[in-house]
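This report refers to the structure that appears directly beneath it.
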Amino acid sequence: MAEKSDYILELLLEYGLISQEQADEGWEKVGEAEGRLDILDALKELGYVHEHDILNMLAQQYGLETLDLSTFVIPQEILDSVPKEIPHQYKVVPVMIHDGVLTFAMSDPTDMETLDSLRLVLKRDVDAVISPMEQIQAIIDRYYSDLETAATIMIGDMDVNSVENLEAAKESASADKEDSMIIRLVYMLIVEAHKRKTSDIHLEPMEKRFRVRYRIDGVLREMDSPPKYLQSNIISRIKIMSRMDIAEKRIPQDGRIQMRLADADIDLRVSTIPTTHGESIVMRILDKSSIQLDIPKLGFYTDDQEKIDRIISMPDGVFLVTGPTGSGKTTSLYAFLNSINKPNRKIITVEDPVEYQLNGINQVQVDPIVQMTFSNALRAMLRQAPNIIMVGEIRDRETAEIAINASLTGHLVFSTLHTNDAPSAVTRLIDMGVKPFLVASSVRAIMAQRLVRRVCKKCAQPYTPSPTEIRMLNLDESFIKNSNFMKGRGCPECGNSGYKGRVGIYEIFLVGEEIQHLIYGKESSHTIREAARKSGMRTLREDGLRKAAAGTTTLEEVLQTTIGDDA
């Protein structure tokens, strides 16, 4: 080792990377350390030379290339091309194959014996590139270690102490070592997702890897993935936790996991579907402690808040909330119900599933296995003499007609539909088979909504809209001049995304006398939409623009989330 260090010192002097005075100072430090340092360590501590300088110098001396493994993606078939004991024994990793020659990354190009041994053991031609030892060791730990080490590396910077609050810790105590690590890994994936305010976890088998992604503020972000060989273990563990049939891999399955973390009760709705390379799993996280039941905090401005207050104080009629999956419809309905939940009112909901439990409200879970469908539950609910009814979703004509008839007999009915905008809900009900006169006489209001990401308050800074944004959103100079556009530059608080949290944008459509006549006449949704805008309806894009002008969100988010008002 000393001979090697002396040789490298000579090269450092020869290449002019250090001076003789610096080398002498290094030797003095070696003497002071009394054998704890060699000359190279001393020079590094003094700051006269760095590891990458030495590697580049040695690569040049031996005619080799350097390779940064932190940014280089090694194909899985290359990693699998050597037995697992080879990287551990020789401290090298395979990185590529070209013309039958297998290239290894190694940290010491002076060690010609290692290359000779690899040629002999593998019975093939080998070559080398130079990489830092810590990068080589990281790949060995991740891809060539036993199950326990691989799981520990996968957990990485997660808060390991959190697992002590989970039942998994007790369960793992009695499990064998391999099962214990899988249990710990799965629970830590969930704990980390909850810590990052993730709405759902995606575990996706690819051809050569097992991809893990978290959806944070509506956007999927790829996380460190576990080794491919852990795929079946992880999937089986999740299926056991969600009470699925682990032997059935040919058909989709649904399940549910309930967990108590240190600061919250969370439910996970679990879905599996068979894919080409294994079962893909999505776990949707429902955090009971995070639901927002205060209407003003949903993102309503004063004028929209007044409309909502007027709608939910009506004695009867149907109020529909529309939007795609994940647009916050259920959260809005819960907030509305919570605000009118008084001791003198009986409120019953029928949901699939009951996502959050609300105090003082009777909530019914749909269960098709025992014929507890939306329509059957709705009929039974009406015999309970409620004042207010919430139907999780109107999916068919039968449910729609029962809900409408309930509103005509003195009940206030809340429900959701999947439509792109508010006026389209009218034509959707008619397309289901509901008679136009029933729609016109029962529907009081429809609200379409989307969720846009909030600008991170920690790193927000003013910005000027780009020419593309101005053209695409048709912004005029006066609007730009009177706006306070903000954009996050990215910081640790928001994961360098520039956004943290989400806020709703809304399109509230009140059914007045003129609109009722249009519905009677079976007019198109476009005609109804134009009439609604003339009567004061603000579109999703218009509401998004005023929130971007206030610095709450960005024009980029508005563009991605809404369509043009002339579409």
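Projecting each Cα onto the charge dipole of the chain (Lys/Arg +1, Asp/Glu -1 at the beta carbon, about the Cα centre), which of Ser339, Val191, Val318 comes out farthest on the positive side?
It is Val318, whose Cα lies furthest towards the positive end.
Kirkwood Rh over alpha-carbon pairs of region 287-436, then Stokes-Einstein at 37 °C and 0.692 mPa s: what D in µm² s⁻¹, rounded to an integer?
208 µm²/s
Can you tell me the orientation of helix 51-62 relative to the chain, as the angle in degrees between its alpha-carbon axis and the longest Cα principal axis, to the nearest 10?
It is inclined by approximately 60 degrees.
With a bin width of 10 angstrom, please list the P(r) values of region 425-563 as percents of all Cα-Cα pairs, from the 0 bin to the one holding the largest distance.
12, 34, 25, 18, 10, 1
Report, in debye and to the nearest 20, how large the dipole of the chain comes out about its Cα centre when Lys and Arg carry +1 and Asp and Glu carry -1 on their Cβ.
Here the size comes out at about 4040 debye.
Using DSSP, restrict attention to beta bridges with both residues in the chain and report what percent are antiparallel, rounded to the nearest 5.
65 percent
If the viscosity is 1.002 mPa s and the temperature 20 °C, what translational diffusion coefficient in µm²/s does Stokes-Einstein give for region 95-147 when Rh comes from Kirkwood over Cα pairs?
Here the translational diffusion coefficient equals 179 µm²/s.
Using only alpha-carbon positions, what ratio does the radius of gyration of region 1-129 give when scaled by 2.2 N^0.38 Å?
Working: Rg = 17.1 Å, N = 129, 2.2 N^0.38 = 13.9 Å.
Taking the Cα Rg and dividing by 2.2 N^0.38 Å, one obtains 1.23.
Viscosity 0.890 mPa s, temperature 25 °C: Stokes-Einstein D of region 312-379 from its Kirkwood Cα radius, in µm² per second?
D = 183 µm²/s.
Given the chain, report the % of alpha carbon pairs whose separation exceeds 39 Å.
48 percent
Helix 329-339 sits at what angle to the longest principal axis of the chain, using alpha carbons and giving 0 to 90 degrees rounded to 10?
That works out to roughly 60 degrees.
Residue farthest toward the positive end of the dipole of the chain, with Cβ of Lys/Arg at +1 and Asp/Glu at -1: which of Val129, Asn387, Thr416?
Ranked along the dipole, the leading option is Asn387.
What accessible area per residue comes out for the chain, rounded to a whole number of Å², with a 1.4 Å probe?
Solvent-accessible surface per residue comes out at 49 Å².
Return one number: the angle in degrees, 0 to 90 and rounded to the nearest 10, between the long axis of the Cα atoms of helix 177-195 and the longest principal axis of the Cα atoms of the chain.
That works out to roughly 60 degrees.
Using a 1.4 angstrom probe on heavy atoms only, work out the carbon and sulfur share of the accessible area of region 235-311 in %. Please list the in-between numbers first.
On the way: 2000 of 4050 Å².
The computed percentage sits at 49.
Please tell me the relative contact order of the chain in percent, rounded to the nearest whole number, where contacts are Cα pairs under 8 Å and at least six residues apart.
Relative contact order comes out at 8 percent.
Just going by the charge dipole of region 227-305, with Lys and Arg at +1 and Asp and Glu at -1 on Cβ, which of Met259, Ile281, Pro227 is farthest out on the positive end?
Pro227
Please give the calculated 222 nm ellipticity per residue for the chain, where each DSSP H segment of at least 4 residues contributes -39500 (n - 2.57) and the sum is spread over every residue; nearest 500 deg cm²/dmol? It would help to have the intermediate numbers written out before the result.
Numbers: 24 runs with 231 residues, N = 567.
Roughly -12000 deg cm²/dmol at 222 nm, from the helical runs in the chain.
The values are calculated or read from the model by the stated rules, or taken from the named source; none is laboratory data. Please read all numbers here as calculations on a predicted model, not as lab measurements. Cβ sites come from the backbone with ideal geometry, for glycine too, and all protein chains shown count toward neighbours. Only protein heavy atoms, including side chains, enter the accessible area calculation; ligands, DNA and RNA are left aside. Shrake-Rupley method; radii C 1.70, N 1.55, O 1.52, S 1.80 Å.
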